[in-house]
1. Rounded if a/c is under 1.5, else prolate if a/b beats b/c, else oblate: with a ≥ b ≥ c from the C-alpha gyration tensor eigenvalues square-rooted, which is the range 97-157?
2. If I fit a long axis through the Cα atoms of helix 263-287 and take the longest principal axis of the Cα atoms of the chain, what angle between them do I get, 0 to 90°, rounded to 10?
3. With the other protein chains left in place, how much accessible area per residue, in square angstrom, belongs to the chain at a 1.4 angstrom probe?
4. With each label point set 7 Å from Cα along the Cα-Cβ vector, what nm distance links D287 and D49?
5. Thinking of the chain as a set of Cα atoms, what percent of all their pairs are more than 31 Å apart?
6. As a test, work out the antiparallel percent of DSSP beta bridges whose residues both lie in the chain, rounded to the nearest 5.
7. Quick one: if you stick a label point 7 Å off each Cα along the C-beta vector at K165 and S84, how many nm between them?
8. If exposed means no more than 16 neighbouring beta carbons inside 10 Å and the site is in a DSSP loop, what's the longest run of the chain without any exposed chymotrypsin sites (Phe, Trp or Tyr not before Pro)?
Amino acid sequence: NAKENKRSAACFYDESMELVVTKRAALMRDLRHAVEKGELVLHFQPIVDLADSKLVSFEALLRWRHPSRGFVSPGEFIPIAEESGLILPIGLWVIEEACSVAATWPEHIRFAINLSPRQFSDERLIPTVLGALEKNGVGPARLTVELTETAIIEHDGKALAALRKLRSEGVKIALDDFGTGFASLSYLTKFPFDVVKIDQSFVREASRNNNADVVISSICDLAARLGLDTVAEGIESLDHLELVRKAGCNRGQGYLFGRPEPAIDCSTRIAVETLRGVNAGAIKQIDS
Ligand code: C2E
Ligand code: MG
Ligand code: MG
Ligand code: MG
């Protein structure tokens, strides 16, 4: 009967909740030692100029190779790291690691790192960023820091001061996942952004329905008027590419151009692209 069904459904719910909670606790415990054990690695995903499809930047994305669970996705462990405060030491490691990898790339290749809201309350943030750039001989103008609206909403004053300081040193600031929050449009003018990253849900939506592309081109329009660059996220197909090009996005990121990959593969990608440029130049010379 209905009553019994309800009760068993409730029991089932409790059990699965317990599993979720236990797994979370276990992950939190293991994450404590992940940095020192060298289980965290950075992968890098290419960002290209949509005008000529040339590689312009890489976004650093965290990966956790858990000794027994295998690969744990950032969607699962970043919230745990944020809640536990572990995002602070992890975040500092990301900054150091990304700068030392970027130092091995040619100077015209830029790079981006993601910052969590809590990191803006960390006094070590700014000195670590500037110190890591300096130590590795990487110009601050090559770095973009990506943050979401929540970083600004939750840590208003501190975030603003930190962003201003970074920007005064030449670091670029990107608003990540634009369009998924609620305070979007007003925040574009209130904070010192250089780049707007249009969330991948827009591209996915626009390829299904005829009106969502109007939203993308309106965002690009607005961004351009405010003097901001746009990056379209989640470009997986040639249809997506055509759509965001038409909408007026400046840059693109997505599986079509490349998945997040280990630093060693980025070096190969850069070398291949450089050779292609050299060959194109040589062919032009022969032609003329
Ligand atoms: P994000 O910063 O918006 O990064 C983009 C995410 O979209 C990445 O997921 C990337 O792998 C994925 N992606 C890129 N192109 C495509 C595509 O064409 N199709 C689809 N379906 N997905 C695509 P990932 O690596 O799982 O990271 C998820 C989120 O975790 C990131 O979103 C970011 O918010 C957070 N995260 C990753 N690394 C760090 C980090 O070092 N620090 C902090 N605080 N957060 C990080
Ligand atoms: Mg990002
Ligand atoms: Mg994003
Ligand atoms: Mg995201």
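The values are calculated or read from the model by the stated rules, or taken from the named source; none is laboratory data. Everything numeric in this text was worked out from a predicted model, so none of it was measured. Positions of Cβ are backbone-derived with ideal geometry, glycine not excepted, and every protein chain shown enters the neighbour counts. The area values use the complete protein model at the heavy-atom level, side chains included, leaving out ligands, DNA and RNA. Shrake-Rupley method; radii C 1.70, N 1.55, O 1.52, S 1.80 Å.
1. Prolate, since a/c reaches 1.5 and a/b exceeds b/c.
2. 20
3. It amounts to 53 Å² per residue over the chain.
4. Label at D287, label at D49, 1.7 nm between them.
5. In whole percent, the share of Cα-Cα pairs in the chain beyond 31 Å is 36.
6. So the antiparallel bridges in the chain amount to around 45 percent.
7. Once both label points are built, they end up 2.7 nm from each other.
8. 1-181
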